[in-house]
Each structure stands twice: as structure tokens, then as C-alpha cells.
Amino acid sequence: MAILKKLIQLKTINDHETQAANYLAALFAPYPQAKVQRLTYAPGRDNLVVTIGESGPILGLSGHLDVVAPGNLADWQNDPFIPEIRAGKLYGRGAADMKSGLAAIVVAMLELLAKKQPLAGRIRLLATVGEETGEYGAAQLTKAGFADYLAGLLIAEPTDGFKKLIYTSRGVIDYQVISIGKAAHSARPQFGINAIDNLLTFYRELKIRFAKFTKIDPILGGITHSITKINGGEQVNSIPSKAEMMGNIRTIPAYPNRVFYETMENLINELNQKPGFKLSLTYSFPEEAIFGTPDSPIIQTAQKVYQRLFGHPVEVTGSLGANDGAEFLQAKGNFNSIELGPGSQTSHQSNEYVEINTYLQAIEFYQQFAIEFLKQQQ
């Protein structure tokens, strides 16, 4: 538990991941056969890549180094960065999302090194920065070639206490629309341009156009579109000169993100041709949906190892959230990813925890899964 506890103590709140990268790199230092590499995203923000094994196919095991802010400290029963064990659970920020998964990968690799376990290939830890705010680290590692031609990829994000095996997930598009109008006294609105009215016109028309995306994924359902933030106006008796709106789209494999970009950009262009409209559109955190098949070799191996270890089958399903796999799957080659991690359903909540037994079981699973999967690649 020492490694997990230490990781939780490191305050990598949407930043400062280098301190966690330093700690993990030091754990592999006694093993010269482990190849340790760093890729800096920004000052104080290092991705870490550790590869073990001599040659052959590469299995990627991935986890992110950052966590979200703890929120209201009064809602916590303990300091979120001083891990505490109560009734078989370890509490702390990141205990579920996802320092338990990351620590389990690291411990599994360290134990394989300590046992001098022969491998039929290589295992590559991909520890990333910025997953919680945009998957920047995974994108950077992918661009640098660290995920090229992987044989398979496992993301150790929490999957309901290690009870679900995820093979497909929704994509995400966060966007912002800014409307520029012209201020005027509300008693004489004809002398102004109402930025809020124009923004609402955009939103009403966008809902109509998005309604055409009617396909339903059997696992993930349909697309979702939510307006999550609106801001505008100066005071109650003035025509607003500026308004902005933020929205979130969750996509499915049937629709690549570009169809939503095209729909929104076409609408913006059409409205801007009309008198008084001045709208601009920007995106953040865009990730494609992950398409997978429930009978791929990596799924089959994971199911086999899971059944052997736990004595019952794992539920094979999809995820409504995005993860680093969406970036890594843009790498060269053709490989599948799965998501399976020990964290609980308390991600981003106060009193976040992981079941200790589940964490220990994940370590054993990752070892056996890596050995088995690489053997089958020969």
C-alpha cells in the first residue's frame, strides 16, 4: 500500500505531475533493464514512460498522474491528501480516479522485475499528465510515437470496483460560442443588438439540426447534448453587448466528431451572414468515441484471466465517459484498448476511496494478464 499512499500524498491537482513522475521513476531506478523516459508537457508537468522486457510486441498499460481538486474540505472525513484506511477502504483524493489503478500497474511491473519473470514481449507504462482537463499528455505521447504499433492497450481507469470490462466509450466535444452585440438602453432596444437573443437563436437552431443524429449504439445509447454554462449582459436595464454559452456533446462511434464540427460551423456561418449577428465558435477537450468489438483478442484474454482469478465472468460493457485511450488509438498501427481498474464509483467526490482487496487483486490481474496477452502475440 505504500506506493499508493505516497501517490495520493502528492498534490497533482490538474498540474504538478512531475513530482509523481519523479517518485515513480525512482521506483524503477534499481532495475537497469527498465527503460525510463520522460516527455515534458510544461514546466512541472512530465509524462513518464517505462518499458520492461527485451523485445517483441508491446502491451501498453496506462494511467494518469493528475487528480481533480478536492472541493469543500469540510465534506471530507480526513485530509484528502493524507490517505486513511477505514473498514478495508483507503480514502484520499485520487484513490479511485485513478492513482489506485496507476499504482497497481506500477506494482505489477515492479514485481515482475523483482521476480525476473520472462516475458514474451514488452510492457510499457504510459503515465500521463492532464487527463482530467483535456488528455494533453496522452495526445503528446501519441504524437511522439510512444503508442505506435502497440499490440494492445489497457487503461486502468476505475470500472465499478474492477467489476466491468470496458471495450467501447463515448467521445466528447466541449465547445464555446461567443455572441457580440451592441449595447443600448433597454428603453431604446432598437439602437442596440441583443447578444443574448442571437445566442438563443443559435441554440434553438442547433437543437433542430442535432435532432437528425438519431442512431442508437446498443451499448452506449444515443448522443447527448447539454448546455452547461451561460453568461451574458452587463445590467438589467441595458441591451447586452456580449453573451457566451458553453456546451458538452457526448458522441458515439456511429458519428465521428467532424459531423458535429461541420454542423455547428455551418450554422455559425449562416447566422453570421444575417444583419446583427457576430458569433464565434471554439472547441476544447475534443475526443473521438472509442469503437471496439466485444470479441477482440485483448477482451478474450482479459476475460480468461479474470475468470481464472475470480471464479466468475466479468461484465463486458461500454463507458459513457472518455479516457486517454481515445488519444492513444490515434497512433500508428491497429490495436484495441480496454478499460479495467480497481477504483470505486466515488471519482471526483468527497471521501473518494478504493477497496483495498480490490486494489491488491488488480495488481495480480495486471501481472497475469500481461504475461498471458504477450504469449498469445507470438
*Could you tell me whether segment 261-268 includes any residue that is more than 27 Å from the chain's Cα centre (by Cα) and aliphatic (A, V, I, L, M)?*
yes
*segment 254-266, residues that are in a loop (DSSP other than H, G, I, E, B) and open to solvent by 40 Å² or more (accessible area, probe 1.4 Å)*: A254, P256
*What is the residue count in segment 271-283 for residues that are surrounded by 12 or more Cβ atoms within 10 Å (Cβ to Cβ) and not in a loop (DSSP other than H, G, I, E, B)?*
6
*How many of the residues making up segment 327-339 are farther than 11 Å from L153 by Cα and in contact with an Asp or Glu (Cβ under 7 Å, 6 or more places away or on another chain)?*
4
*asked:* Looking only at segment 169-184, filter to residues that are open to solvent by 10 Å² or more (accessible area, probe 1.4 Å) and in a strand (DSSP E or B); which one of those is farthest from I299 (Cα to Cα)?
replied: A184
_Please go through segment 327-345 and give me each residue that is open to solvent by 20 Å² or more (accessible area, probe 1.4 Å), out of contact with any Ser or Thr (no Cβ under 7 Å at 6 or more places or on another chain) and touching a residue at least 40 places away in the same chain (Cβ under 8 Å), ordered by number._
K332, G333, Q345
*asked:* Whether any residue in segment 335-343 is within 23 Å of A370 (Cβ to Cβ) and assigned to a helix (DSSP H, G or I) is what I want to check.
replied: no
*Test for R209: is it of a type outside the set (S, T, N, Q) and free of Cβ contacts under 8 Å to residues at least 12 places away in the same chain*: no
*What is the one condition in (1) in contact with a Ser or Thr (Cβ under 9 Å, 6 or more places away or on another chain); (2) buried (at least 24 other Cβ atoms within 10 Å of the Cβ); (3) part of a loop (DSSP other than H, G, I, E, B) that E131 does not satisfy?*
(1)
_Residue list for segment 239-279, restricted to those being touching a residue at least 12 places away in the same chain (Cβ under 8 Å), closer than 16 Å to L199 by Cβ and among the polar types (S, T, N, Q)_ = S241
*Are any residues in segment 293-326 open to solvent by less than 10 Å² (accessible area, probe 1.4 Å) and of a type in the set (G, A, S), and if so, which ones?*
S296, A302, G325, A326
*Counting only residues that are open to solvent by 10 Å² or more (accessible area, probe 1.4 Å), among the charged types (D, E, K, R) and at pLDDT 95 or above, give me the helices (runs of 4 or more DSSP H) lying completely in segment 1-120 with at least 1 of them.*
2-9, 99-114
*The listed residue being open to solvent by 10 Å² or more (accessible area, probe 1.4 Å) and closer than 16 Å to L340 by Cα, out of D148, D160*: D160
*asked:* Can you confirm whether E352 is within 30 Å of G181 (Cα to Cα) and either out of contact with any helix residue (DSSP H, G or I) (no Cβ under 6 Å at 6 or more places or on another chain) or aromatic (F, W, Y) (or both)?
replied: no
_Conditions first: (1) over 20 Å from the mean Cα position of the chain (by Cα); (2) farther than 22 Å from G333 by Cα; (3) of a type in the set (S, T, Y). Y41 passes all but one, so which condition is the exception?_
(1)
*Say we look at segment 197-253 and pick out the residues that are basic (K, R) and touching a strand residue (DSSP E or B) at 6+ places or on another chain (Cβ under 7 Å); which of these is most open to solvent (accessible area, probe 1.4 Å)?*
K229
_Residue under evaluation Q235, criteria (1) touching a residue at least 12 places away in the same chain (Cβ under 8 Å); (2) assigned to a loop (DSSP other than H, G, I, E, B), criterion not met_ = (1)
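The values are calculated or read from the model by the stated rules, or taken from the named source; none is laboratory data. Treat the numbers as computed from the prediction; the structure is a model and nothing was measured. Neighbour counts run over all protein chains shown; Cβ positions are idealised from the backbone, glycine included. Protein only, heavy atoms only, side chains kept; ligands, DNA and RNA dropped before computing areas. Shrake-Rupley method; radii C 1.70, N 1.55, O 1.52, S 1.80 Å.
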